[in-house]
C-alpha cells in the first residue's frame, strides 16, 4: 500500500501542486495584498523574488554561488540523461549520469552548505532570513547528500534502470511500480524526498526561475555604483 501511495499517488500530487500552484501564484498574487486580482504578472507577489543577499558578505558568495547554480544545472541535465538512458537501456547514457551526477553533486553540495552557513554566520543575512530560506537549503542538502551517498559510498548507479521505466510509466499515465518498489531503501528515500521538495517548490521563492514575463534575458543592465562615485 505504501509503495502505491509513494510511487503512484505522490508523483501525481507533486505534479498537480508544482504546476497548479506555480501558475495560480504567478498570475494571482496569492501571497500579497493583490490576492485574487489576476493581472498576468508576478509582480503582485512580494515573495516571488529571491530577496537578493549579494550585498551582504560579498566576499563569501562568489565561488559558492557559482557552485550552487552550475551544480544544479549539471545535476538536472545528468538526471534527465540518466533516466532516459535507464528507460531505453542505454548504458553509455547511464555511465554519463554516473560521473556527471557525481561531479555536479559535489559542486552543488559545497554551494548549498556554504549558502546555509552564510545565513547563520553573517548577521545581516541571519536577520533577513525566513524559515523558508532554511527549509529550502536543508531540503537541497539532504537530497544531494542522499544522491552522493548512493554514488560515492554505495556505488549504486543501476537505479536508472528501475527509475527510468517507472517515471516513463507515470508520464504515460500507466503507472508500473514493480521495479522501483524493489529498489534499495536509500534509492527510494532519495526519490521520495525529491518529490516532497518539488511539491513544496511552488510555495517558495524558487518560483523566480519561472519569472513572468520572462524579462531577465532582455531587460536593461542594472548599473551599480559606489556612493563615493555618485558624489562626483
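Bear in mind that the values in this text are calculations on the coordinates, not laboratory data. Computed from a predicted structure; not experimentally measured. So basically every Cβ, Gly included, is an ideal-geometry build from the backbone, and we count neighbours across all protein chains shown.
Overview of values
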quantity	calculated
Rg over Rh, two decimals, the range 68-123 (C-alpha only, Kirkwood Rh)	1.20
FRET efficiency estimate (nearest 0.05) - Cβ-Cβ, residue 134 to residue 96, R0 35 angstrom	0.55
Gyration tensor (alpha-carbon) shape descriptor, the range 131-171, a/c threshold 1.5	oblate
Exposure proxy order (Cβ contacts within 10 Å, fewest to most) of 190, 208, 79	208, 79, 190
FRET E, pair residue 23, residue 189, Förster distance 35 Å, beta-carbon r, rounded to 0.05	0.75
Computed E for residue 1/residue 77 - FRET, C-beta separation, R0 35 angstrom, nearest 0.05	0.50
Three-way shape label, the range 104-180, alpha-carbon gyration tensor, a/c 1.5	oblate
Pairwise label distance in nanometres, residue 120 with residue 155, each label 7 Å out on the Cα-Cβ vector	3.3
